[in-house]
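Okay, structure first, notes after.
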Amino acid sequence: MKKRGKLLPVRIIGDKILRQVAKPVTEITDEIRQLIADLKITLYEKDGVGLAAPQVGRSLRIIISDPYWYRDNRKNPRVLINPKFLEFEGETTSEEGCLSIPRIFEKVIRAERVVIEALDENGELRQYSADGLFATSLQHEYDHLEGILFVDRVPKLKKVFLKRKIRELESTTDENGINLRNEKLN
Ligand code: NI
């Protein structure tokens, strides 16, 4: 059954769920299908190119990526459940941003090409060979499943300059470790 998705609030840096290692999906239930539908709606509503389940407050190994939808004016979301990298090749540097770290963009070094294996939303095992923005996006989203944020991968010297901005974003974290900062400014 196709599920209708809804916009979910995105967790912001400082939120503890962004630092947890996400759990594998053991079965694609209706609840998981609903979460996937919600991730898609949230990705496009927020003008993102990728999104991971922990970013909407669910510590599960699900990512979605659609790096070219804005350029091509056509939506093609890839859903990857329990993803595993099989190959990394080369090196490339590109500027990254993250819906969980608003208004910060920095260059990050990633593998230029990757091969990744994951279940799709129908539970079929699929392999993707990715390069360019797709490869970068997959590595960025996969990091979210490990509790890693792209600012962790910025060179130390650059990070010194980011510290104040990051602290400011983290400052709205509540006593339960949840940061849903009102992002009307975006
Ligand atoms: Ni991100």
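Only the coordinates and a few stated rules stand behind these numbers; no lab work does. From a predicted model like this one, the values you see are computed outputs, not experimental measurements. Because the Cβ atoms are built from the backbone with ideal geometry, glycine has one as well, and the counts that use them run over all protein chains shown.
Shape call for region 1-147 from the C-alpha gyration tensor, a ≥ b ≥ c root eigenvalues: rounded (a/c under 1.5), prolate (a/b greater than b/c) or oblate?
Taking the square roots of the gyration eigenvalues as a ≥ b ≥ c, region 1-147 is rounded.
Taking the chain as a Gaussian network, Cα atoms linked when under 10 Å apart, which of Asp66, Asp152, Asp38 shows the biggest mean-square fluctuation?
Asp152
Under 1.5 on a/c is rounded, so check that first for region 103-186, then, if it is not, pick prolate when a/b is larger than b/c and oblate when it is not; a ≥ b ≥ c are the square roots of the alpha carbon gyration tensor eigenvalues.
oblate
What is the order of Ser59, Ser129, Ser137, fewest Cβ neighbours within 10 Å to most?
Ser129, Ser59, Ser137
Which of the pairs Lys84/Lys163; Lys16/Lys165; Lys16/Lys156; Lys23/Lys46; Lys23/Lys159; Lys3/Lys46 have their Cα atoms more than 27 Å apart in this structure?
Check vs 27 Å cut-off fails for Lys84/Lys163; Lys23/Lys159.
Give, as ranges by residue number, the residues of region 81-104 whose backbone N falls under 15 Å from the point 7 Å along Cα→Cβ of Leu162.
Of the residues in region 81-104, 93-104 have backbone N under 15 Å from the label point off Leu162.
Among Asp131, Asp174, Asp72, which one shows the highest mean-square fluctuation when the chain is modelled as a Gaussian network with alpha-carbon springs under 10 Å?
Asp72
Add -39500 (n - 2.57) for each DSSP H run of 4 or more in the chain, then divide by its residues: what number comes out at 222 nm, to the nearest 500 deg cm²/dmol?
When only DSSP H runs of four or more count, the value is -8000 deg cm²/dmol.
Multiplying the sequence separation of Glu175 and Arg19 by 0.36 nm and subtracting their Cα-Cα distance, what value in nm do you get?
The span from Glu175 to Arg19 would gain 54.6 nm if fully extended.
Between Tyr142, Tyr70, Tyr128, where does the largest GNM mean-square fluctuation fall for the chain, given springs only between Cα atoms within less than 10 Å?
Tyr70
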